[in-house]
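The values are calculated or read from the model by the stated rules, or taken from the named source; none is laboratory data. The structure displayed is predicted, hence computed values, not measured ones. With ideal geometry, Cβ positions are generated from the backbone for all residues, glycine too; neighbour counts draw on all protein chains shown. Please note that ligands, DNA and RNA were not included when accessible areas were found on the heavy atoms of the full protein model with its side chains. Shrake-Rupley method; radii C 1.70, N 1.55, O 1.52, S 1.80 Å.
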Amino acid sequence: MARKTIRTIPQERTPMPVQEPAARVCNFHEVALGYGEDSALLESERCLMCPQPACVAGCPVHIDIPGFIAKIIDRDYRAAYNVISDSNLLAAICGRVCPQEDQCEGVCPVGETLEPVAIGRLERWVGDLAIREGWSNVPWVEPSGFRIGIVGSGPAGIACAADMAKAGCEVVVYEAFHKPGGVLRYGIPDFRLPESVIDAEIDKLVQLGVQIECNTLVGRLFTIEQMIDELGFDAVFIGTGAGTPRFMDIPGEFLNGVLSANELLTRCNLMQAGDFPHHDTPLGLGRRVAVIGSGNTAMDAMRVSLRMGAEKVYCIYRRTIEESPARKEELEHAEEEGVEFHWLTTPVEILDDGQGNVRGMRCIRMELGEPDSSGRRRPVPVAGSDFEFETDTVVYAIGTSANPIIGQTSKIKLNKRSFIETDERMATSLAGVYAGGDIVTGGATVILAMGAGRTAAQSMKDYLGIRDSGSVYQDLRADLDNCLFGIPRQERNFVRITTM
Amino acid sequence: MSEFDQTSIHPIMPPAGGARTSGIEIVRREDFSDVTYLLELAHPMLARAARPGQFVIVMSHANGERIPLTIADFDRDRGTITLVIQAVGKTTRQMQQDCVAGTHLISVTGPMGEPSHIANVGKVVCVGGGLGVAPVYPQARAFKEAGAYVIGVIGFRDRGLVFWDDKFRRVCDEFIVCTNDGSAGIKGLVTDGLRLAIEQHPDIGEVVAIGPPVMMKACAEVTRPRGIKTTVSLNPVMVDGTGMCGGCRVKLHDGMKFACVDGPDFDGHQVDFDDLISRLHRFAQEEKLAVAKWTESCKARLDRGD
């Protein structure tokens, strides 16, 4: 077959069917409906099969993207799934929530002339198919005899747990909430990531032999040090996330009707406040909701508010749409659904209705000045531009800071901003203890956290002397040295027992 | 951030067997009055880890809400923790009806919050009003164990509501019961008992006050002019209890704190109680609706004869 060129491939990116805005603001069903087989086959034809694919390098977990697309073209969908799950256990999740435009799709050469290959949509299609067909890739694993403790069942913890389980370790994941998934569960709304998808993907971990213990607050029920010293874990990974919401420290923040996006999303996603009073958790949302901030969390908070019945939802952001950190797709979806954007605006005071509730905000206009440390132009207040903004709910979505619990209960070294300090291989100041994801970097993305979890897993394997290929299906183990520290490989478990 | 003392952590044992899928068993229930009840839960790891001043988040059933409850007692030998609950809202009323010995709570997570700072402070007054009587008990016991001279002051509406006076007597050097009508102990509020203690002991090192916000506020006002260190335990609306939602933020004179991770103990002279009280009414409407709906469904069930 002649090599494909930019001129021979389908020119148009295959569109993804979506629920119409008017219908979807009344339900929590998924907005983007996903490709069918025909769309997936058509879109796969757009991949140029680059010999040195930029997309693989652009993927934080280095999925062999042309590899799985080639399998789709061959109509060997099971094999396509195997290729993805070599690097990523959570295809159905990442296909939905990764910012592909900044990663694989952002570096796709097709994108230089046309729209890039819709890699995320293809990944999602394969992931969904695997769930529907009940495919699971449970490898035969040589038990390594090691026990690994993972703190947090969010993306970082899940990715680390999967790699360690595949390396033959006994893995226990601790979660403070009553359901696993971390930010996937409490943070991302159902219309972007259905709960059934999270359940299916978590179930794969359980099939790998990972034990998940919910309702366990590590740090308080037992400490990180106790996990190593008393609970018999050979290594520990901390992936507790950033989590602590920021407030602005302006007057009126304590009024009823002011809440963090984290609280709003947790009440709705994890606790199902939309179903109150059948579910016991209320939300107490007003008719008019002003969300401060314009990141992906802000978009989620706004779109949830609309679905919870708010008549008006405003986005209040101190910069412009150009600087908005949200994904373009999320901004578009929010706008289609009726969110009203107020750029270059920031609140300076939240106003009291006299009974401890919000009646509005005093805002000021901003203008953009010189670029700041983030490279974005710094917003500067316009003198005398105060005005009142009527609203009865104010939601803060202006970022998060480090969760304090591990720092309060462990001697682990933190950096100046109270995040856990690690080296580039995710090792912390405590021997055998690794950390990754938002608790190290501050708020980032699902896939970056997963990448950090996988890097940490590799470091743990090196630390424990586990030599595996990191892959389930290619039996590279045969090629490894037959000896480890002068001890035959098959005696490794024996060695471990005698050193205890 | 508090100084972390590794030696104060109690040794733990690995959990027996696999995942706790069925929840946490209630091993004992005791009713103190028609609204106040005690649940003793089997959770050996939690019993070992718990320290005075900490709390748990409880979910009674799968569709339930997560509610914070202060740990009223823990027994490391029996492997249990004790909660004392007042039936005020829908969840606590439903628990009063459903939670009997042998049943399970679907989720109990903790211990949460910074433990109380317990030391030999010389003389300490432990004040508990209403529901605060239970959580102040482990503090009184811990202060006693630390060598302090403990004066217990607990208050109830009337004689019929009094509980745990025997437990307090065992750990207190002096003990004052207050009732609104004088049917037990002295007639008056806990603040009267507190004043009495302060008059008799000019050298009190610390006052610990736990109870409804108005009571803690009143206690803080008693001690403020005298400059006596006063610690209060706050119990605002929470969801996760791990510092993640910010719903439990409390206003202190020196800024915002989260009760779940920075507290629940705070300097009573720093707390803006009016703000706390206002924020506790945040879901008043929803709570009313939930109670009405639940009462109706109970009645319907009764009528059907289930």
Restricting to Cα pairs under 8 Å and 6 or more apart, the percent relative contact order of chain A works out to 15 percent
Scoring only Lys, Arg, Asp and Glu (+1, +1, -1, -1) among other residues with Cβ under 11 Å from the Cβ of B:Gly246 yields 0
CD proxy at 222 nm, helix term only [per DSSP H run n ≥ 4: -39500 (n - 2.57); per residue of chain A; nearest 500]: -8500 deg cm²/dmol
For the peptides B:249-256, A:213-220, A:52-59, what is the packing order when you average, over each peptide's residues, the other Cβ atoms within 10 Å and list the highest mean first? A:213-220, A:52-59, B:249-256
Of all DSSP beta bridges located in chain B, what percent are antiparallel, nearest 5? 55 percent
Only bridges whose two residues both fall in chain A count here: according to DSSP, what percent of them are antiparallel, nearest 5? 40 percent
How much of the accessible area of segment B:124-281, in percent, comes from carbon and sulfur atoms when a 1.4 Å probe is used? 50 percent
Cα gyration tensor, segment B:119-219 - rounded (a/c under 1.5), prolate or oblate: prolate
Which angle from 0 to 90°, rounded to the nearest 10, does the C-alpha axis of helix A:195-207 make with the longest principal axis of chain A? 20 degrees
How many partner chain Cβ atoms sit within 10 Å of a residue's Cβ in peptide B:234-241, on average, as a whole number? 4
Going by average Cβ density within 10 Å per residue, which order do the peptides B:183-193, A:127-137, A:363-373, A:256-266 take, highest to lowest? A:256-266, B:183-193, A:127-137, A:363-373
Given a cut-off of 20 Å, name the pairs among B:Lys123/B:Lys229; B:Lys144/B:Lys167; B:Lys90/B:Lys251; A:Lys411/B:Lys144; A:Lys166/A:Lys204; A:Lys71/A:Lys328 whose C-alpha atoms lie farther apart than that in the structure shown. B:Lys90/B:Lys251; A:Lys411/B:Lys144; A:Lys71/A:Lys328
Enter the mean number of other protein chain beta carbons within 10 Å of the beta carbon of each residue in A:260-268, as an integer. 4
Quick check: convex hull over the Cα atoms of segment B:170-209, volume per residue in Å³, rounded to an integer? 78 Å³
Once both axes come from the Cα atoms, what is the angle between helix A:77-87 and the longest principal axis of chain A, in degrees from 0 to 90, rounded to 10? 90 degrees
Where does the charge balance sit around A:Arg378 when Lys and Arg score +1, Asp and Glu -1, over other residues with C-beta under 13 Å from its C-beta? 0
Cα extents of chain A along the three principal axes, largest first (Å): 76, 61, 51
iface B-A | buried accessible area, total | probe 1.4 Å | Å², round 100 | 4700 Å²
Among B:116-123, A:97-104, A:346-353, the order from most to least packed when residues are scored by Cβ within 10 Å on average: A:97-104, A:346-353, B:116-123
Run the helix sum for chain B: -39,500 (n - 2.57) per DSSP H stretch of 4+ residues, divided by residue count, reported at 222 nm to the nearest 500 deg cm²/dmol. -8500 deg cm²/dmol
Using the Cα gyration tensor of segment A:203-244, with a ≥ b ≥ c the square roots of its eigenvalues, what is the shape: rounded (a/c below 1.5), prolate (a/b larger than b/c) or oblate (neither)? oblate
Average partner coverage of A:234-246, which counts Cβ from other chains inside 10 Å: 2
Rg and Dmax in Å for segment A:100-240, alpha carbons only: what are they? 17.6, 59
